Amino acid sequence: MASPFSGALQLTDLDDFIGPSQDCIKPMKIEKKLGKGTAKIQIEDDGTYFQVNQDGGSQKLEKAKISLNDCLACSGCITSAESVLITQQSHEELYKTAEPSHQKLVVISVSPQSRASLAARFQLTPLDTAKKLTAFFKNRGVHYVFDTTFSRNFSLLESQREFVQRFRRSTESKQALPMLASACPGWICYAEKTHGSFIIPYISTVKSPQQVMGSLIKDHFAQQQHLTPDKIYHVTVMPCYDKKLEASRPDFFNQEYQTRDVDCVITTGEILRLLEQEEVSLSDVDPAPLDAEFSCVSAEELLGHQGGGSGGYLEHIFRYAAQELFGIRVDGITYKPLKNKDFQEVTLEKDGTVLLHFALAYGFRNIQNLVQKLKRGKSPYHYVEVMACPSGCLNGGGQIKAEAIAAKDLLQQVEELYEMVRTVVPETSPEIKELYEQWLKGEDSKEAGKILHTQYRAVEKMSSGFNIKW
């Protein structure tokens, strides 16, 4: 019998893994009967639990299960979702829902980072990979396959505008700067649980591309299909296990229709294992035309964004802010590495005065240093692109791991493939502007704020007797 969990759900040496703790254990509920006195819990060698009463009788107990919501609500540890048993975040759940009997429209949104990782594994171009993935999924009951590059346009545009608004207000009030990127759920989880109310005002409120895509599919696309949101099953393919946690946040749950914006998240590595289980090589799959809507300008072209494999937030905001705030057009951006390649700075100067000071901070070593600078009031930055994984999203914990070659060589291949596609500037795209009018009813409307923004909150610490040091 197949396991209900993805095969990759086990503790490994992941880049996006911070530190496990016994505090995340969810207690079992025992129904105590009057007059029976105290009871003991007995654990057998096979892991089963029994309640042993004083009269010698025993009762088998159901094993405690930890859901994604339990993990998000717990302040005891910060882990990637790979350390959590997730019954609804697996390809088995996808296949079950794709069966005709479920009568749901199944949509898969593929991240460009995952596509690049699969392209490197099977020695394909990004376009060929996209076409073959589309064919593979559609042969298994999926109706549409989209590209999250499209939704990232909105995330970038909103981040640009939010930064400019914060920068202008910072000259008049104590508006929190630097603005910190919010697209990485591993970083967000760490911030909420470790630094809470101190760090939250600095974090951008713009949704990640995954969650913008979720809003797009369950709102605008659902209306186009004349369906309610609960009649669409939305799956994303992501380079990061923490995206499973992000999709499970209560903020992204529609109470009216009892459905999530993203129903299931599958990592790149899980897609590879799915192919291997079915004994399918992606190279041998006959390609299918791409679904151009919400994906690319045509069925024969993919689009991307400049500025690196984590979405290009720093570069897009930097260029936009330079033009909008100071009337300076920036053609080329020069990065200044600091102590390591995962902490770099970018500055805009005029007549010897620094106008903008941006940075990127990847990996928790750099993130912790950044937070300490903020707490000491020593941070010189206006904006920081923060990502939990060293080298960013292309090196996410859910990406395909190196086998025959060194990890750094594989990462270089993935980076080259990622950068092969033609880049687009979202603020000059007619398609994006048109959808703003159709879907968001104008970029400054309340509807845009509802769909493209979210909120974060501090998670209070809980005391526990299970504290262990690692």
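The values are calculated or read from the model by the stated rules, or taken from the named source; none is laboratory data. Nothing here was measured: the structure is a model prediction, and the numbers come from that model. Here Cβ is always computed from backbone atoms with ideal geometry, including for glycine, and neighbour counts include all displayed protein chains. Note: accessible area is taken over every heavy atom of the protein model, side chains too, but ligands, DNA and RNA are not part of it. Shrake-Rupley method; radii C 1.70, N 1.55, O 1.52, S 1.80 Å.
I need the Debye-formula profile for the stretch 256-325: one equal scatterer per C-alpha, no solvent, reported as log10 I(q)/I(0) at q = 0.13, 0.16, 0.20, 0.28 1/Å, two decimals. Once normalised to I(0) and log-transformed, intensities are -0.76, -1.00, -1.11, -1.10. Residues of the stretch 307-346 falling in the label zone of Val425, defined by backbone nitrogen less than 15 Å from a point 7 Å along Cα to beta-carbon, are 307, 315-333. The residue list Leu338, Val371, Tyr320 was ranked by how far each Cα lies along the charge dipole of the stretch 304-400 toward its positive end, using unit charges on Cβ atoms, and Val371 comes out on top. Here the average projected area of the convex hull drawn through the C-alpha atoms of the stretch 385-429 stands at 4.4 nm².
For the stretch 203-280, which GluC sites (Glu not before Pro) pass both filters: DSSP loop (anything but H, G, I, E, B) and at most 12 other C-beta atoms within 10 Å? Within the stretch 203-280, the qualifying GluC sites (Glu not before Pro) (loop, at most 12 other Cβ atoms within 10 Å) are Glu256, Glu278, Glu279. Each Lys and Arg adds +1 at its Cβ and each Asp and Glu adds -1 at its Cβ; summed about the Cα centre, the stretch 116-175 shows a dipole of about 100 debye.
Rolling a 1.4 Å probe over the heavy atoms of the protein chains gives the stretch 169-260 an accessible area of 34 Å² per residue.
Rolling a 1.4 angstrom probe over the stretch 129-210 with all protein chains present gives an accessible area of which 48% lies on carbon and sulfur atoms. In this structure the amide hydrogen of Phe146, modeled in the peptide plane, comes within under 5 Å of the amide hydrogens of Ile108, Ser109, Val110, none closer than 5 places in sequence on its chain. What the stretch 324-429 shows is 54 Å² of accessible area per residue, with the surface traced by a 1.4 Å probe over protein heavy atoms. The GluC sites (Glu not before Pro) found in the stretch 111-176 that occupy coil by DSSP, while having at most 10 further C-beta atoms within 10 Å, are Glu172. Packing around the peptides 418-429, 386-397, 124-135, taken as the average count of other Cβ atoms within 10 Å per residue, puts them in this order, highest first: 386-397, 124-135, 418-429. Amide H to amide H distances under 5 Å link Gly304 with Arg422, Thr423, Val424, where only residues 5 or more positions off or on other chains count and H is placed in the peptide plane. Computed from point charges on the beta carbon alone (+1 for Lys and Arg, -1 for Asp and Glu), the dipole magnitude for the stretch 374-433 about its Cα centre is near 500 Debye.
Accessible surface for the stretch 263-321, divided over its residues, is 34 Å² per residue with a 1.4 Å probe.
Across the stretch 117-134, rounded Karplus estimates of 3J(HN,Hα) from the backbone phi angles (6.51 cos²θ - 1.76 cosθ + 1.60, θ = phi - 60°) give 5, 5, 4, 5, 5, 9, 6, 10, 7, x, 5, 4, 4, 4, 5, 6, 5, 4 Hz, Gly and Pro being marked x. Compactness ratio for the stretch 375-458: Cα radius of gyration over 2.2 N^0.38 Å (N = residue count) comes to 1.61. Extension gain for Lys375-Ala407 works out to 8.0 nm (0.36 nm per residue, less the C-alpha to C-alpha distance). Taking Cα centre as origin and charging only the Cβ of basic (Lys, Arg, +1) and acidic (Asp, Glu, -1) residues, the dipole magnitude of the stretch 165-294 rounds to 1020 debye.
In this structure the amide hydrogen of Arg260, modeled in the peptide plane, comes within under 5 Å of the amide hydrogens of Asn254, none closer than 5 places in sequence on its chain. DSSP beta bridges confined to the stretch 303-422 are antiparallel in about 60 percent of cases.
Here are some pairs, Lys231/Lys446; Lys243/Lys350; Lys104/Lys131; Lys207/Lys373; Lys231/Lys401; which of them have Cα atoms lying more than 32 Å apart in this structure? Pairs exceeding the cut-off: Lys243/Lys350; Lys231/Lys401. For the stretch 120-215, the Kirkwood hydrodynamic radius comes to 16.1 Å, computed from all pairs of different C-alpha atoms.
Rounded to the nearest whole Hz, the Karplus-based 3J(HN,Hα) values (6.51 cos²θ - 1.76 cosθ + 1.60, θ = phi - 60°) of the stretch 212-229 follow the sequence 5, 5, x, 5, 4, 5, 7, 10, 4, 5, 4, 5, 4, 8, 6, 10, 7, x, with x at glycine and proline.
The share of accessible area on the stretch 298-394 that comes from carbon and sulfur is 46 percent, using a 1.4 angstrom probe.
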